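As structure tokens, the structure follows; a few thoughts come after it.
The values are calculated or read from the model by the stated rules, or taken from the named source; none is laboratory data. Bear in mind the structure is a predicted one, so any value in this text is a computation, not a measurement. No Cβ is skipped: glycine too gets one built from the backbone with ideal geometry, and neighbour counts run over all protein chains shown.
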């Protein structure tokens, strides 16, 4: 609808000329091609019709623009001359709710005289009418969310916050071992407190200086956690000052490096203190009018900055002199005031302020970054904008192995990558990476990794040379509290022969980390030599997976495929050592009563023999009894015991192991992970079981992922959440059995991981084409359309990328009409799909060999069951030989560490930091 005045569509409108219509269109802001077709002429009815006589729906052939009748306008004129009408006359209708009566239909009982419409915003259009549903349109969803079920819409129930998990860098191969660093032999890391808001810290080798208001403490962490100096600034002749910034000053004398500390104060003073004696060696009072917020070191120069934007650059007068606060005259430069972020990278000062972001509107969340060449007198600032909407700037750094790029951290978990050597001399944004679900609070480039500290207290190291980025290390640095700051101790390379990274957290603790990640290097070398100190043997594992659609064991009757299903599956491999049954939808997920009963009773304590609780629902109990019976009948020559059994709102796992292997088990545990309704309900999720056999760890997961043809993103998020869930199991003390420095508390700590179940990934292809390919046994033509295979191949965030799957040589297992061989003939006519899958992951791929991957023809459910058998290689470690090999590897690390330190020092010298 366009701007104009209203009038009754009587005889006056029928006499409007074509010129009037043309002139009206010429004033319209829209193109005439976008206008709906002119309505036919209307004749005034002799009697006022009832509003109940008005049509409620438009004809199906009507354009979408005419589903809701437009408000009358002079442009809605009648055809000229004897032109035939193109549609039957439209009867007047009730004005939509929310539209004033004077804007209603012209034939309403109280039509308004000619009146101007009010302008609304830049489009000058009235508010839209209320929702109108045309014939054949889909009804809107209910406002109240449906109860969890197994239907096609279950993927929409989950928490939308989890939707982006699969887009983050892959952390499935990362080490969770904290790279702790201590300079005291036989002691753990030092215990040094730093106030989270008003505290500051500087580190040079084993010297640590911590300040809080007018208190200063100096530590030598190679000796003790007790400060060697604890002074009040007013006691050393500097009056009662409040420390607001600190940095070590460079010196020509190598013996003084890392000991002469510049202290900026709230009153704008700068004081130099020799931390060895806690004495003042220089001062410059009122150097700034405002508080000194930042002090930077660059080569032999020092830079100080205050809130007002005043920048002082101290440079030595000659090559044979050091900077002196008493004699060196600084050069003054101005930058924008009240910058929330400031960092000196090379010769450029990077700044950003939140008020810049707010000034350009809340809808545009792109921060403005300003660069100043502070060592070039008279240079003008340059403005940079990321190519995408990201959060406020929190950090910037460079990675030594990638010296041509700068990495800028942002709130909301983004990192922008900037090419420093662009043609125009201006850094150019090359890439925007989403690396975290929470804010990035600090960044540091360390060796060949990008370290990021987050709001959850985690520090994560990324391999940025790999595309896409990979998480190589991730550990809890400050438990549950934000990592406020990180810094690399450049002086420590010469002083201690170590590359130390310092982090400060909201927990008010200072932590030291090995920047070269030496423990991980040693682990990788030990893995290469594992055959020298281990013996190996093979086990056979059989996995049987089935979405039984609430079928009872007694329903396996009639067709021989039903009667013999379990027996055939158990005989698909000879004498398996481990047998795992993973069922889905053991109970009817559509039944709220059954689901509620399962939630209440399923959480009860299990019986002492590892079996089900006596109070679980009958469906699980019946399957439990049947599986015990069929194991005895099918494999009478071997004795099996139940190792794990667990249920979760339809999911049911029952794992057997040979009696001869039982005494070799350790760290046995089982738990559940809920994924339905954002992790609050167990209609979707997984049962996770783990064991250690001799010195190898195995994890078995039975899953039921989100349903729906288009719920790929939700399924990916379910997988990522389960694989990366923290503290799934209790910690254990079996270091040689787990990988990546793990303690067995997470899924990916285990050497071998099997995942089976109804994963619900579909085939994106026409239903008739899928069925035709199945009937012609042309399954290969469907593989390119399988969602799971496509996600693994193309989606760099899919957590199944590190997993393997056997060839899909059997027909899709979903969705059948129960008790038939026909694919879904219901009204929904769902397309066939390989919903039921078995995947695996091994630290050493050669130690898992698949024996078969097949389906069975039991037809009492809408899914066909499947099984997969494997030969796995487990190890037994000879601890004394391993200790000798580890000693040899640690000697090799000394040489490798020296090489890495030399490369790091070269970079920091180029950056004028060391």
Exercise for the section: Report yes if residue 749 is within 14 Å of residue 671 (Cβ to Cβ) and either in contact (Cβ under 8 Å) with a residue 60 or more places away in the chain or touching a strand residue (DSSP E or B) at 6+ places or on another chain (Cβ under 8 Å) (or both), otherwise no. Expected result: yes
Fill in the blank from the handout: Checked 799, 855, 837 against criteria (under 31 Å from the mean Cα position of the chain (by Cα), modelled with pLDDT of 95 or more and surrounded by 16 or more Cβ atoms within 10 Å (Cβ to Cβ)); the one match is 837
Exercise for the section: Output the number of the condition that residue 292 fails; it satisfies all remaining conditions of (1) at pLDDT 95 or above; (2) farther than 24 Å from residue 373 by Cα. Expected result: (2)
Completion exercise
Those residues of segment 593-634 that are surrounded by fewer than 19 Cβ atoms within 10 Å (Cβ to Cβ) and modelled with pLDDT of 90 or more come to a total of 10
Exercise for the section: Mind counting the residues in segment 407-449 that are modelled with pLDDT of 90 or more, in a loop (DSSP other than H, G, I, E, B) and at positive phi? Expected result: 1
Completion exercise
Among residues of segment 445-471 being farther than 26 Å from residue 346 by Cβ and in contact (Cβ under 8 Å) with a residue 60 or more places away in the chain, the residue surrounded by the most Cβ atoms within 10 Å (Cβ to Cβ) is 471
Practice task
Looking only at segment 571-578, decide whether some residue is surrounded by fewer than 20 Cβ atoms within 10 Å (Cβ to Cβ), more than 40 Å from the chain's Cα centre (by Cα), at pLDDT 90 or above and not in a loop (DSSP other than H, G, I, E, B).
Solution key: no
Practice task
Read through the list (1) in contact with a helix residue (DSSP H, G or I) (Cβ under 9 Å, 6 or more places away or on another chain); (2) closer than 24 Å to residue 490 by Cα; (3) crowded, with 21+ Cβ neighbours inside 10 Å; (4) in contact (Cβ under 8 Å) with a residue 60 or more places away in the chain, then give the number of the only condition that residue 406 fails.
Solution key: (1)
Exercise for the section: Evaluate segment 265-276: report whether one residue or more is in the same structural domain as residue 321 (by TED's automatic domain parsing), over 17 Å from residue 304 (Cβ atoms) and assigned to a loop (DSSP other than H, G, I, E, B). Expected result: yes
Handout entry: Set 706, 742: member being surrounded by fewer than 24 Cβ atoms within 10 Å (Cβ to Cβ), under 21 Å from the mean Cα position of the chain (by Cα) and either in the same structural domain as residue 863 (by TED's automatic domain parsing) or at negative phi (or both)
Key = 742
Practice task
Please give the number of the condition residue 268 fails out of (1) crowded, with 20+ Cβ neighbours inside 10 Å; (2) at pLDDT 95 or above; (3) more than 21 Å from residue 208 (Cα to Cα).
Solution key: (2)
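Yes or no, residue by residue, for (1) assigned to a loop (DSSP other than H, G, I, E, B); (2) touching a residue at least 40 places away in the same chain (Cβ under 8 Å); (3) under 29 Å from residue 540 (Cα atoms):
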position: 757; (1), (2), (3): no, yes, yes
position: 782; (1), (2), (3): no, no, no
position: 790; (1), (2), (3): no, no, no
position: 796; (1), (2), (3): yes, yes, no
Exercise for the section: Quick one: in segment 181-202, of everything that is within 31 Å of the chain's Cα centre (by Cα) and surrounded by 14 or more Cβ atoms within 10 Å (Cβ to Cβ), which residue is modelled with the lowest pLDDT? Expected result: 189
Completion exercise
The condition from (1) touching a residue at least 12 places away in the same chain (Cβ under 8 Å); (2) farther than 19 Å from residue 708 by Cα; (3) assigned by TED's automatic domain parsing to the domain that holds residue 550 that residue 885 misses is numbered (3)
Completion exercise
Picking from 728, 719, 753, 736, the residue that is more than 22 Å from the chain's Cα centre (by Cα), under 30 Å from residue 479 (Cβ atoms) and either in a strand (DSSP E or B) or in the same structural domain as residue 847 (by TED's automatic domain parsing) (or both) would be 736
